[in-house]
Amino acid sequence: MIRTGIHFEAVRLPAASVHGFAGSTDREAVERAFHRAGIDSAVIVDPARRWYYALVAPGTSATWEEPGFECLGLDHYLGVPATHRADPPGTHWLLTPPGGEEDLCALDDVRKLTTMTEYGRTRWAAGTYTRLAGDSRGMDGVRPGHDGPATVVTAP
């Protein structure tokens, strides 16, 4: 696990919100949703806990005020997959791992995504969200409980 707030921080996005905006749990649709927001790299997916993590610059948590979307700063640790882990099972990179701070998600783009996922949460709650055929196993087709955890814990 890596302590957040030093090299990066992470905005935790509920999978239901992201899937609602994407209109699917299909990986390609989810990637398109991130790309529409301007995010092309530095996104981790934790299918066991149903979270996406957009990695952002250190210090973001000091000014983050998006309700329903937590920014993990210095008081957290994040399970970060190896750079070659781009597929399930388990925690993996949805989008390319960052090579440096210049590859982290831009704050404005993450805020844009949180605004778009508000629409997704509304669709999910209203029951207008639908899964694609054959997508009944869960996020990215992985059976819950069979995909190795990524853990976020609060520092003592």
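The values are calculated or read from the model by the stated rules, or taken from the named source; none is laboratory data. As the structure is a computational prediction, the values presented were derived from the model and not from experiment. Please note that ligands, DNA and RNA were not included when accessible areas were found on the heavy atoms of the full protein model with its side chains. Shrake-Rupley method; radii C 1.70, N 1.55, O 1.52, S 1.80 Å.
Please turn the phi angles of the range 80-90 into ³J(HN,Hα) values with the Karplus equation 6.51 cos²θ - 1.76 cosθ + 1.60 (θ = phi - 60°), one per residue in order, whole Hz, x for glycine and proline.
Once rounded to whole Hz, the list reads 10, x, 4, 4, 8, 7, 10, 9, x, x, x.
With every protein chain in place, what's the accessible area of Asp108 (1.4 Å probe, Å², nearest 10)?
Solvent-accessible area, nearest 10 Å²: 110 Å².
Along the range 46-61, what does the Karplus equation 6.51 cos²θ - 1.76 cosθ + 1.60 (θ = phi - 60°) give for ³J(HN,Hα), rounded to whole Hz, x for Gly and Pro?
Ordered by residue, 3J(HN,Hα) equals 10, x, 5, 9, 6, 10, 10, 10, 9, 7, 10, 5, x, x, 4, 4 Hz.
With every protein chain in place, what's the accessible area of Trp64 (1.4 Å probe, Å², nearest 10)?
Only protein atoms counted, so the area is about 30 Å².
How much length, in nm to one decimal, is gained on full extension between Asp108 and Ile2, taken as 0.36 nm per residue of separation minus their Cα-Cα distance?
Once the chain is fully extended between Asp108 and Ile2, it gains 35.7 nm.
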